[in-house]
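Worksheet for the structure shown next.
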Amino acid sequence: SGNNRAAVALDCEMVGTEEDGSGTMCARVCVVDETGAVLLTTYVAPAGPVTDYRTGITGITAESLEGAPSLAEVRSRVLGILSGGGGSGDDGGDGIDNDGGGDGREIAYGGHERRPR
């Protein structure tokens, strides 16, 4: 594997912030290659209070996030994969089974946010 990937897909699961749960924060990241091989799957430590784990959609609980790496650490690993580096595989959890339709707004690439079009 390694540097000859045709494509990768990135999915982020988002949890709710703000008193009404309307804000979002990245809590899980998964990257797969064009064959569906998991290059990275990891929880992300919350940078602030989580008011809605959206467990029914995301599968995430408070316990899921205990000991998780920071968003900065995960971002660095994702950027490494996007720049042709290898993935580190499964860091725990349930892979990409829970697809809550989260967007990747919390992951920056090259210092610029990539937002869904």
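The values are calculated or read from the model by the stated rules, or taken from the named source; none is laboratory data. Because the structure is a prediction, the values reported are computed rather than measured. Counting neighbours? That spans all protein chains shown, and the Cβs are built from the backbone with ideal geometry, glycine included. All accessible areas refer to the heavy atoms of the entire protein, side chains included, with ligands and DNA or RNA removed. Shrake-Rupley method; radii C 1.70, N 1.55, O 1.52, S 1.80 Å.
Data overview
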| item | result |
| --- | --- |
| Full-stretch length increase - ALA7, ASP20 - with 0.36 nm per residue and alpha-carbon distance subtracted | 1.0 nm |
| The range 1-74, relative contact order [Cα under 8 Å, separation at least 6], % | 28 |
| Residues ALA62 and ALA37, FRET efficiency given R0 of 22 Å [Cβ-Cβ distance, rounded to 0.05] | 0.15 |
| Share of carbon and sulfur in the accessible heavy-atom surface of the range 1-71 [1.4 Å probe, %] | 50 |
| Segment SER83-ALA47, extension gain: residue separation times 0.36 nm, minus the distance between their alpha carbons | 10.4 nm |
